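The values are calculated or read from the model by the stated rules, or taken from the named source; none is laboratory data. Not measured: the values here are computed from a predicted model. All Cβ positions, glycine included, derive from the backbone under ideal geometry; neighbour counts span all protein chains shown. Each accessible area value is taken on the protein alone, full model and side chains, heavy atoms only, with ligands, DNA and RNA left out. Shrake-Rupley method; radii C 1.70, N 1.55, O 1.52, S 1.80 Å.
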Amino acid sequence: MTNTTTTTNTFTKIKEIAPGCFRLRVPFHFLGLIDVGTHMTFLKLSSGKFLTLSTVDLDPEAKAEVDTLTQNGSLIEAVVATNPFHTLAFEAFYAAYGKGKDVKFYGTPRHLRKYPGIPWAGSVEDEKILKLWEKDVDLRIPLDDAFKVSENPGFVSQLFGARHNEISFHASLLGPAINKTPTAPREFHDWVLQLVKDWDFENMGTCHGGVMIGGAKAELVKCLEKNKRL
Ligand SMILES: [Fe+2]
């Protein structure tokens, strides 16, 4: 860890938000207008290699930092797509870090359908795949964007009640992120409840919105209480 931390001190794009958890956030414009941001994460395994969650478009600066962190990709063991609707950067990431190399790519069924040119090693719907790194990482994937951390919300968001360092359920839960069945909201509620019971965590990074360092579990419990009508 010491070497990695020393190296990443010079980074401006990738941030270590918890020991061994490196988050790269980049701008992402919803409908080409509002920057809602998006992210990918590099998790350092006990082997010294990285498990990469999701992908983003890399500008030259971000690419240089990824190259430094992962020794030009040689430390990337696997790439896991976690959000069915976050697909746009996968082909480019595969071309840069996967093609001709020993890096396994795992996707949601939507990824597998959309990009048949990537030799996917499996689907995240398969519980066996999620357990591949269980020695170091407990992976649970409920659906698309589930949570949002509000970090310095803008004026308009504040008008709608958002405050700094608040966790809310992501707006996509009203749209494509939740199954259209009568029991889906209850199933999601129970899934979050179980997660809160099983995991001790303090920090949280969300794909859109920001990152909360400290107090994230308590905020998530608050969010769940507030949305009990689910
Ligand atoms: Fe999203």
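Miscellaneous remarks
- Volume per residue of the C-alpha convex hull in segment 100-192, rounded to whole Å³: 179 Å³
- Nearest 10 degrees, 0 to 90: helix 216-226 Cα axis against the chain principal axis: 40 degrees
- Its residue count N fixes a reference of 2.2 N^0.38 Å for the chain, and the Cα radius of gyration divided by that reference is 1.01.
- When only Cα pairs below 8 angstrom with a gap of at least 6 residues are kept, segment 2-130 shows a relative contact order of 16 percent.
- Of 15/128; 148/222; 49/101; 104/128; 63/135, pairs whose Cα-Cα distance is over 19 Å: 15/128; 63/135
- Using Cβ point charges alone (K and R +1, D and E -1), the dipole size of segment 78-230 about the Cα centre works out to roughly 380 debye.
- Candidate aspartates and glutamates for bridging to residue 44, where Cα separation is under 14 Å - those fewer than 8 sequence places away on the same chain excluded: 16, 77, 134, 136, 138
- Taking the protein heavy atoms of segment 2-130 in the context of the full set of protein chains, the accessible area attributed to carbon and sulfur is 56 percent at 1.4 Å.
- Think of each Lys and Arg Cβ as +1 and each Asp and Glu Cβ as -1; about the Cα centre, that makes the dipole of segment 1-130 roughly 140 debye.
- Probe 1.4 Å, all protein chains present, accessible-area order of 113, 186, largest first: 113, 186
- Each Lys or Arg adds one and each Asp or Glu takes one away; over the other residues whose Cβ falls under 11 Å from the Cβ of residue 93, this sums to 0.
- Under 11 Å, Cβ to Cβ, from residue 151 - net charge with Lys/Arg +1 and Asp/Glu -1: +2
- Relative contact order (%) - criterion: Cα under 8 Å, at least six apart; region: the chain: 14 percent
- Annotation: amide H of residue 108 within the under-5 Å range of 81, 124, sequence separation 5 or more or interchain, hydrogens built in the peptide plane.
- Formal net charge of residues neighbouring residue 136 (Cβ-Cβ distance under 11 Å; K, R +1; D, E -1): 0
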